[in-house]
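The block underneath contains the structure these notes are about, expressed in structure tokens.
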Amino acid sequence: MSRWLTSWSVTSSTGVHKYKVSYGQDGSWGCSCPIWKYKRNECKHIKEIISQVGRHPSVLDSPYQKPMYVLSDEVNVPIFDERTNELRIPRGYPNRRSDQDWLETHICFAMLNNGFSIREIRSIRGLDATWTTKKVERDFKSMGDFQPDGWYPSKSEGTSRKKPTSKIRELMIIK
């Protein structure tokens, strides 16, 4: 399980950089800024988040559990099942290379949005180091909602669409 329970994005005081402030399982805080990365001192970004959510956010009362990664013959796109907390991943691949790239990008994007780190994704999916979070997000955005012929979500078990949020695009959800 990941060390961090939750995280927030904080813009630097200059507005040039964005840093990730995280809250850990052991009650510790971390930040991606140089002050915390290299000196392990509580930085102003951590202090800003603490001032908003408190030193021990309520995330401890109901910690997020990363969904189980499940290969499935029943789906053609990644689908998150809220009832079982499973991220169902298609077992097979389309025949055309461009369709394979589309599917792999969408699988990686779904995994990123369900709490998997890019390192975990590369390990689980057998991908090389060229697969980065930025690459996945960039490729997902450029590919849009195109779906290769014959690769549509299964209609079994009553699938529905989740409304998109600021960072998370539409993903298939089973309720």
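Please treat every number below as a calculation from the coordinates, not as lab data. Note that this is a predicted model, so its numbers are computed, not measured. Neighbour counts are summed over all protein chains in view; Cβ atoms, including those assigned to glycine, are modelled from backbone coordinates with ideal geometry.
In table form, for the structure just shown:
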{"read-out": "Inter-probe distance in nm under a simple model that places probes 7 Å from Cα toward Cβ, at Thr14 and Lys141", "value": "2.2 nm"}
{"read-out": "Modelled FRET efficiency - R0 22 Å, Ile35 with Arg55, Cβ distances, 0.05 increments", "value": "0.75"}
{"read-out": "Karplus-derived HN-Hα couplings along region 42-51 (A = 6.51, B = -1.76, C = 1.60, θ = phi - 60°), whole Hz, x at Gly and Pro", "value": "5, 8, 5, 6, 5, 4, 5, 5, 4, 5"}
{"read-out": "Karplus (6.51, -1.76, 1.60) ³J(HN,Hα), θ = phi - 60°, over region 99-112, in Hz, Gly and Pro reported as x", "value": "6, 5, 4, 4, 5, 4, 4, 5, 5, 4, 5, 4, 5, 4"}
{"read-out": "Amide H contacts of Ser72 (H built 1.01 Å from N, under 5 Å, at least 5 apart or other chain)", "value": "Ile89, Arg91"}
{"read-out": "Residue-wise HN-Hα coupling along region 86-92, computed from phi with Karplus coefficients 6.51, -1.76, 1.60 (Hz; x: Gly, Pro)", "value": "10, 9, 8, 10, x, 6, x"}
{"read-out": "Ranked list, fewest to most other Cβ atoms within 10 Å of each Cβ, for Tyr69, Tyr23", "value": "Tyr69, Tyr23"}
{"read-out": "Placed amide H near Tyr19: partners under 5 Å, 5+ positions off or other chain", "value": "Val10, Thr11, Ser12"}
{"read-out": "Under 5 Å, built H, 5+ apart or other chain: amide partners of Glu42", "value": "none"}
{"read-out": "Theoretical gain in end-to-end length, Tyr93 to Arg119 [0.36 nm per residue, Cα-Cα removed]", "value": "7.2 nm"}
